[in-house]
Each structure stands twice: as structure tokens, then as C-alpha cells.
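Q: This is the structure, below, for whatever I ask next.
The values are calculated or read from the model by the stated rules, or taken from the named source; none is laboratory data. Remember, it's a predicted structure, so these values are computed and weren't measured experimentally. For neighbour counting, all protein chains shown are included, and Cβ atoms are generated from backbone atoms with ideal geometry for every residue, glycine included.
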Amino acid sequence: MEPHACRPVTEALALELTAAMAEIHRRGWCDGTGGNFSCVQQRDPLRLLMAPSGVHKGRVAPGDLISVDGSGSVVEGSGKASAETALHLEIVERCGAGAVLHTHSQAGTLLSQWAIQSDPAAQASGAGVLGIANLEMLKGLEGFRTHACEARLPVLANDQDLARLSARAKPLLAEAPHGLLIAGHGLYAWGRGLEEAMRHLEILEFLLEQRWRQLLLNALSPTIRP
């Protein structure tokens with residue numbers, strides 16, 4: 001790769017990614033050092049432009065970003081790659097994603113944990129599904145054409161071994177509705193590019209908010225149903 005040849009593209013992508021991160025932080029979806037975000041910088045050989053680990057994601061400047069290769073090693077920049085880079089790479093490879101956005105919203109964290117804890121089979125296997133149906137906003141997800149359908153988000157129990165977690169996610173990604181939940185941790189959303197990934201993130205976060213509010217309404221008034 002000729003560094004000078006891709007620099008204008010990289011600089012533009014870095015500006016877009018840091019602007020997206022600042023907006024995600026403003027929405028309350030990645031407080032403090034939470035979350036991690038990546039865009040494909042180039043495909044062959046694979047390079048991801050990413051936020052470094054352990055930094056406040058709302059204040060990352062374009063020059064603070066790092067570039068990692070297909071093994072997750074930092075090849076440009078001075079920051080450290082997140083351990084969750086392995087899952088980013090799996091999503092990019094399996095889904096053809098051009099951007100992966102991982103948030104720690106209240107709704108995503110609560111519902112992902114609930115989806116495992118409320119289902120004995122999911123507790124036993126460490127994998128479950130969170131279904132969200134019959135909402136107009138589903139049509140904001142690529143491939144969804146009507147509200148009369150259901151998005152079935154895979155949910156995996158959390159695991160500090162990211163290689164093992166990524167391997168468990170691998171067979172679920174092809175059928176996932178552009179998103180995956182990690183229990184007690186949050187949402188991974190993706191798209192063919194950053195703009196599409198942001199749209200999917202916003203739609204999925206809206207749907208997650210709706211789901212937990214509906215559960216709360218059902219608890220307060222059992223006669224109310226979606």
C-alpha cells in the first residue's frame with residue numbers, strides 16, 4: 001500500500017468516523033470510554049480505521065484514530081486496539097460490512113441481559129434471540145419492506161475471550177438484521193458503509209427503546225399488549 005495514495009481518502013473517512021462517534025456519544029449511547037467503532041479503510045489487504053481503546057469516544061480527534069490489519073494488530077497510530085476488534089473483523093468478513101458501530105446504550109444493555117436471563121434455554125446455551133415486531137421503523141433496516149414483520153436480533157452471553165465470542169457469533173451473522181446483542185454489554189450494528197451503519201444503529205436503538213418500554217407498560221398494565 002502506498003501511504004500517500006490513500007491519505008486523502010483516509011483523512012475524509014477519519015473526519016466522518018469521529019463525527020459519527022461524537023454524535024453517538026451525544027445520543028447517550030457510549031458514555032465515558034464505552035463503545036468501539038470502525039470503518040474499512042481498504043479491503044486488500046484489510047485495514048480498519050478505528051477508535052483506540054480506553055479513550056473518551058466523544059472527544060476523539062481524527063489524528064487519534066488507529067489503523068489495524070486483518071489480525072487486529074495496530075499498523076498505524078499510537079493507540080491500543082480494543083480486544084473487541086476481533087468481533088469487528090468477523091462482522092466485516094462475514095457480512096461484507098464497511099463500518100461496525102458498537103454501543104453501550106441503556107436499552108441495549110438491559111434488553112440483552114434480559115433476553116438471556118428470562119429464557120432458560122438461552123441461559124443453558126448462552127445464546128438467545130430478541131424479537132421486535134410490527135413497528136413502522138423496521139423499514140429503516142435494509143431488506144425490510146413492511147412493518148408487518150419481525151427483526152430477530154441474536155443475543156450472546158458476554159465473554160472476555162473475544163476470539164471465542166467471535167467464533168460463537170460467526171454462524172449467526174448471515175441472518176442477523178444488521179445487528180447483534182451481547183448480554184449486559186450492548187449492540188453491534190453494521191452496514192455497507194458508515195452512513196448505512198449509522199442508519200441501522202439509529203433504527204435498532206429506537207426499536208430497543210420501544211421493546212423495553214413495552215415490557216414496562218405490560219408490567220404496569222398487563223392488559224396492554226403490542
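Q: Mind listing whichever residues of region 70-85 are crowded, with 20+ Cβ neighbours inside 10 Å and over 12 Å from the mean Cα position of the chain (by Cα)? Don't jump to the end; show me each part of the working.
A: To start, the set of residues in region 70-85 that are crowded, with 20+ Cβ neighbours inside 10 Å comprises 81-82, 84-85.
Passing the criteria: A81, S82.
Q: OK, next. Pick out the one residue from L141, L156 that is among the hydrophobic types (A, V, I, L, M, F, W, C) and in contact with a Lys or Arg (Cβ under 7 Å, 6 or more places away or on another chain).
A: Numbers: L141 fails: in contact with a Lys or Arg (Cβ under 7 Å, 6 or more places away or on another chain).
From the options L141, L156, the qualifying one is L156.
Q: Let me ask another. Which numbered condition in (1) at pLDDT 95 or above; (2) in a helix (DSSP H, G or I) is the only one that A122 fails?
A: Result: A122 passes all but (1).
Q: Within region 38-53, identify whether any single residue is within 18 Å of L15 (Cβ to Cβ), of a type in the set (K, R) and touching a Gly at 6+ places or on another chain (Cβ under 6 Å), and answer yes or no. Please lay out each step first, then the result.
A: Within region 38-53, the subset within 18 Å of L15 (Cβ to Cβ) is 38-42, 47-52.
Next, from what is left, pick out any that are of a type in the set (K, R): 47.
Right, trim to touching a Gly at 6+ places or on another chain (Cβ under 6 Å) and you get none.
No, because not a single residue in region 38-53 is within 18 Å of L15 (Cβ to Cβ), of a type in the set (K, R) and touching a Gly at 6+ places or on another chain (Cβ under 6 Å).
Q: Those residues that are within 18 Å of L49 (Cα to Cα) and either under 13 Å from the mean Cα position of the chain (by Cα) or aliphatic (A, V, I, L, M) (or both), I need them from region 194-216; list them, please.
A: L194, E196, A197, M198
Q: Hey, another quick one. Find the residue count for region 177-193, including only residues that are surrounded by fewer than 23 Cβ atoms within 10 Å (Cβ to Cβ) and either in a helix (DSSP H, G or I) or without any contact (Cβ under 8 Å) to a residue 60 or more places away in the chain (or both).
A: Residues in region 177-193 being surrounded by fewer than 23 Cβ atoms within 10 Å (Cβ to Cβ) and either in a helix (DSSP H, G or I) or without any contact (Cβ under 8 Å) to a residue 60 or more places away in the chain (or both): 1 in total.
Q: Within region 1-52, how many residues are at pLDDT 95 or above, over 15 Å from V75 (Cβ atoms) and of a type in the set (S, T, Y)?
A: Looking only at that region, the number is 1.
Q: Next question, about the same structure. Where in region 5-105 are the strands (runs of 3 or more DSSP E), entirely inside, with at least 2 residues that are in contact (Cβ under 8 Å) with a residue 40 or more places away in the chain, in contact with a strand residue (DSSP E or B) (Cβ under 6 Å, 6 or more places away or on another chain) and over 23 Å from E205 (Cα atoms)?
A: Per the criteria, 46-50.
Q: Restricting attention to region 125-158, report how many residues are without any contact (Cβ under 8 Å) to a residue 24 or more places away in the chain and either more than 27 Å from T85 (Cα to Cα) or surrounded by 14 or more Cβ atoms within 10 Å (Cβ to Cβ) (or both).
A: Selection size over region 125-158: 8.
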